[in-house]
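Notes follow the structure.
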Amino acid sequence: MFIIKTMIKSAVYCTILITSQANAAPDIPPFEKPFLDIGYKSIGEALKECETVNQRKLQLPIKLPPIQFTYHLGRCVNDNGNYNDELQIEYLHEAQGTNHYNIDVRPIEQRIDFEKSKRVREKYKLKDGSDALYFSTKKPELTGGFNILVFEKNGWQYRLSVDSRIENQVTADVLVGIADSLR
């Protein structure tokens with residue numbers, strides 16, 4: 001009988017604890033809340049929205065960098081009349097701020113011309129024979145920035161960006177491999 005009473009008390013205590021935690025307002029907003037507030041959603045939803053807006057199929061690379069992510073979000077920016085439409089995808093890690101990877105895709109008619117940029121480090125040939133430009137936004141006096149690979153395929157311009165602080169893990173060759181995984 002004592003065991004049954006103890007089990008009932010434990011069950012009641014757990015129920016009260018769970019209920020009070022569920023009803024408590026969180027002290028810190030969830031990691032993804034700021035992203036959701038500015039229009040981010042699932043990558044699939046954002047992809048479909050951009051395909052509808054641009055009236056054409058949009059493919060994404062099937063490979064990811066060899067690092068861990070806890071979140072993957074996307075949004076379709078439909079900047080009416082401002083020539084700035086874009087699918088923006090963010091891969092993030094809640095505890096590892098350096099694990100940050102972006103895929104930005106815009107219609108080729110709205111491409112950004114990186115050819116003449118002084119920041120271009122190298123030019124790569126992708127497996128399909130097209131060119132890809134590799135450059136960095138990192139400045140010597142700063143610790144941050146992004147390493148970026150830009151290429152065009154199937155009527156879209158793609159920018160693959162990774163935090164420059166992990167360039168030893170996600171090299172230019174890794175980004176080229178990701179680009180080559182796009183069919």
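The values are calculated or read from the model by the stated rules, or taken from the named source; none is laboratory data. Computed from a predicted structure; not experimentally measured. FYI the Cβ positions are ideal-geometry reconstructions off the backbone, even for glycines, and counts take in every protein chain you see. Surface accessibility is based on the protein's heavy atoms, side chains included, excluding ligands, DNA and RNA. Shrake-Rupley method; radii C 1.70, N 1.55, O 1.52, S 1.80 Å.
Consider F114 against the criteria (1) in a strand (DSSP E or B); (2) at pLDDT below 95: it satisfies all of them except one. Which criterion is unmet? All conditions pass for F114, except number (1). Residues that are closer than 28 Å to D79 by Cα and among the aliphatic types (A, V, I, L, M) were ranked within the range 93-111; the one that is modelled with the lowest pLDDT is I108.
Condition check: modelled with pLDDT under 95, assigned to a strand (DSSP E or B), open to solvent by 30 Å² or more (accessible area, probe 1.4 Å) and on the phi < 0 side of the Ramachandran plot. Does R75 satisfy that? Judged against the criteria, R75 is not a match.
Scanning the range 158-168 for residues that are at pLDDT below 95 and of a type in the set (S, T, N, Q) yields S164, N168. If you go through the range 163-179 one residue at a time, how many are surrounded by fewer than 21 Cβ atoms within 10 Å (Cβ to Cβ) and in a loop (DSSP other than H, G, I, E, B)? Looking only at that region, the number is 4. Scanning the range 57-72 for residues that are aromatic (F, W, Y) and part of a loop (DSSP other than H, G, I, E, B) yields a single hit, F69.
The set of residues in the range 87-137 that are open to solvent by 80 Å² or more (accessible area, probe 1.4 Å), touching a Phe, Trp or Tyr at 6+ places or on another chain (Cβ under 8 Å) and within 17 Å of S164 (Cα to Cα) comprises R119, R121, E122. Among the residues of the range 115-153, those that are basic (K, R) and more than 24 Å from L60 (Cβ to Cβ) comprise K116, K118, R119, R121, K138, K139. The requirement of being open to solvent by 30 Å² or more (accessible area, probe 1.4 Å), acidic (D, E) and part of a loop (DSSP other than H, G, I, E, B) is fulfilled nowhere in the range 150-162; no residue meets it.
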